[in-house]
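In what follows, a structure is listed as C-alpha cells, so that the remarks can point back to it.
No value in this document is a laboratory result; all are computed from the given coordinates. Since the structure is predicted, the reported quantities are computational estimates derived from the model, not experimental observations. For neighbour counting, all protein chains shown are included, and Cβ atoms are generated from backbone atoms with ideal geometry for every residue, glycine included.
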Amino acid sequence: MLLVLPFGSNENYVGLERLIQNNIILDAYALHDGPYFFLPKQDISNKVNARQILYNNWMGADMIIKDQPLSLLQEYFGEKIAFYFAYSEFFNRALIICAAAGAFMTYLAYQENTALWGFFKRRGLEETFCITPSARNTHLCPRCRDFDLCPFYEAYTACNQLYLNFFIETTNMVNFSLFIIVWGTIFVTLWRRRECYLSWLWELNMDGAHVTRPGYKINLKSIRRSKVTGILRSYESVGRKILLIFKAIFILCLF
C-alpha cells in the first residue's frame, strides 16, 4: 500500500521509495511486536512473540537440519521472503541427492581411470613429458605471437591440467550429466507442488492482478486503451522496448 500511496498533487509524488529518495523520510522500518530475547519476568509458556520464536528456532548454525518455521516467516516478513526461504530449504535438501550421486560417480571414475592408467603402463605409454625426468627441460611454444606477453613455458607445467582432463573425461561424468537432467526435471515438478501447497496454506492468489511499480509508470509518457479489455493502460512503444533489450544484452556482454 505504501508503494502506491500518493503524497502530493504532482503525479510523480507517489510511493514510499520516492519519499526516501527526496529525504522527506530518512528511513522506514517494519513494526516489531517486542524484543527478540526473553525478558527476565516473561512467562515463556503463555506470552512469546514471533521474533523470539524465530530467534530461538531459526537463527544459528545449529538450526540447519531443522525445519524452518515458514508460517511465522510468512506472518513476519511477508510471502516473498517466506517463499525465498522455502525454496532455499527445498533446494538444499534436493542437493543432498546430487552430492551422493556425484560422490558415487567420482568413485567410479577413479576406479576406471586407475584401470586405464594401468593399461597405459602395460603398453609403455607412461613415458610422457609428465613422467620422464629427462623431458622436464622441454619447452612448448607460446600461446600468442608476442613473446614478451606469452613466453616459452615448460611442458611439465601442463601436467596437472592433463591429469584433470584425464580424470573428468570419462563415461561416468556423462552419466552424471544425464542424471542431473532427470534430477532437475523432477525437482521442478516437486517444487511446483510444494509452491501450490504453500499458496493454499497461506491463502494466496498467485494469479491476481500485478501492481505496476510507480517509478516505472512515471517514465511512461503515453496512455492507450487496451483492445482486449478496453481499459486505459500505460503504453510503451516498440522502439523503447527494443532499446531496453539492447541495453540488457550490452550489460550481459560486459559481465
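If you take the beta carbon distance between Lys41 and Leu201 as r and set R0 to 30 Å, what does 1/(1 + (r/R0)^6) give as a FRET efficiency, to the nearest 0.05?
E(calc), rounded to 0.05, equals 0.30.
Could you sort the peptides 73-86, 174-187 by per-residue average Cβ neighbour count (10 Å cutoff), highest mean leading?
Final packing ranking: 73-86, 174-187.
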